[in-house]
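Throughout, read-outs are computed from the coordinates displayed, never taken from laboratory work. Quantities reported herein were computed from a predicted structural model and do not represent experimental measurements. Cβ placement follows ideal geometry from the backbone for every residue including glycine, while neighbour counts extend to all protein chains displayed.
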Amino acid sequence: MAMQTVIQVITSGRGSLREKIMTDPQLRKFDLIPTEHQRPGRPHGWAKIHSETAHGAINLEWHGRTGVLTCRVVTKLGHKPHSIIGDFIDYLLARHQSRILAIHIMRR
């Protein structure tokens, strides 16, 4: 059974944080790889990243009106999400700290 963690990133400033993450050449330095980006048939504002070293994936969805990035972390086969979450939070704070007002992490 898949475990899911939701990370909600409340931001300030203009422009899509999801777009900035997916086009950031520094993303790979945090062992994160953009793997899917606005695939036909998926909702607008949706993207997916994987980790080179940790199990799991993170689905990103940007809500422009509210300035909220919703990140669903999905792991399977009993793998814990802490490694990929740690890499992602490390990346967010290193690269986008000036825009971040709050980060909420919720287990599902």
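With a/c under 1.5 counting as rounded, go ahead and sort the stretch 45-85 into rounded, prolate or oblate using the C-alpha gyration tensor (a ≥ b ≥ c being the square roots of the eigenvalues; past the cut-off, prolate if a/b is larger than b/c, else oblate). Here the stretch 45-85 falls in the prolate category.
Can you flag which of LYS29/LYS76; LYS48/LYS76; LYS48/LYS80 are past 21 Å Cα-Cα?
Numbers: LYS29/LYS76 24 Å; LYS48/LYS76 16 Å; LYS48/LYS80 18 Å.
Result: LYS29/LYS76 exceed 21 Å.
When peptides 10-17, 86-93, 22-29 are sorted by average Cβ neighbour count within 10 Å, with the highest value leading, the order is 86-93, 10-17, 22-29.
Can you put ILE103, ILE7, ILE49 in order of Cβ neighbours within 10 angstrom, beginning with the fewest?
Working: ILE103 16, ILE7 20, ILE49 25.
The most exposed by this proxy come first: ILE103, ILE7, ILE49.
If I take R0 = 25 Å and measure r between the Cβ atoms of THR35 and HIS104 in this structure, what FRET efficiency does the formula 1/(1 + (r/R0)^6) give, to the nearest 0.05? The calculated FRET efficiency here is 0.55. Between the helical axis of 82-96 and the longest alpha-carbon principal axis of the chain there is an angle of about 20 degrees. Anisotropy class assigned to the chain is rounded, per the alpha carbon gyration tensor with a/c under the 1.5 cut-off.
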